[in-house]
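Accompanying notes for the structure given below.
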Amino acid sequence: MALPLTEQELHNLAMNIVGKDLEDKGFEFLGVNSKLKKDPQFVALKNKDLHFVIVRAVRYPQDANVYDPVLMQTMKEHADKFEAKTYYAGVGLGHGTDYAKPVIKDEDYTMVYNGLQEIS
């Protein structure tokens, strides 16, 4: 029987998607944390600027672009102490043939990822 991905597996998939995007954009990773609820997921350097990236795997019907403003403000205050920029990266994940169904191990998936959203 095909099993849906666990929360941690979904999170890891979202991390891989965002990590590849960051690599493609020339970010250098200083720290990566893939544990659930441990933020930020990526601490990265680009053009000598420090960046904190918070990654969330989101399931349908939630909107991947909507984040928790209280959490993001807390993260921004933390990042400001390091003169770092703060970003939210939401990745909507669903089954390959029906976005409303859960992602199944070893099956195709669909994704909604609109890149980094700067928190200001």
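PRO61 falls short on exactly one of the conditions (1) in a loop (DSSP other than H, G, I, E, B); (2) surrounded by 11 or more Cβ atoms within 10 Å (Cβ to Cβ), and that condition is (2). As for segment 1-16, it holds at least one residue that is part of a loop (DSSP other than H, G, I, E, B), hydrophobic (A, V, I, L, M, F, W, C), surrounded by 14 or more Cβ atoms within 10 Å (Cβ to Cβ) and modelled with pLDDT of 95 or more. Within segment 19-30, the residues that satisfy the criterion of being assigned to a helix (DSSP H, G or I) and out of contact with any Gly (no Cβ under 9 Å at 6 or more places or on another chain) are GLY19, LYS20, LEU22, GLU23, ASP24. For THR86, the conditions (1) assigned to a strand (DSSP E or B); (2) within 26 Å of LEU5 (Cα to Cα); (3) in contact (Cβ under 8 Å) with a residue 24 or more places away in the chain; (4) not basic (Lys, Arg) are fulfilled apart from (2).
So, in segment 91-120, of the ones that are in a strand (DSSP E or B) and either among the charged types (D, E, K, R) or without any contact (Cβ under 8 Å) to a residue 60 or more places away in the chain (or both), which residue ends up surrounded by the fewest Cβ atoms within 10 Å (Cβ to Cβ)?
Looking at residues that are in a strand (DSSP E or B) and either among the charged types (D, E, K, R) or without any contact (Cβ under 8 Å) to a residue 60 or more places away in the chain (or both), I get GLU118.
The single residue among LEU5, LEU36, LEU13, LEU30 that is over 12 Å from LEU116 (Cβ atoms) and touching a His at 6+ places or on another chain (Cβ under 6 Å) turns out to be LEU36.
The values are calculated or read from the model by the stated rules, or taken from the named source; none is laboratory data. Keep in mind it's a predicted model, so treat the numbers as computed, not measured. Backbone-built Cβ (ideal geometry, glycine too); neighbour counts: all protein chains shown.
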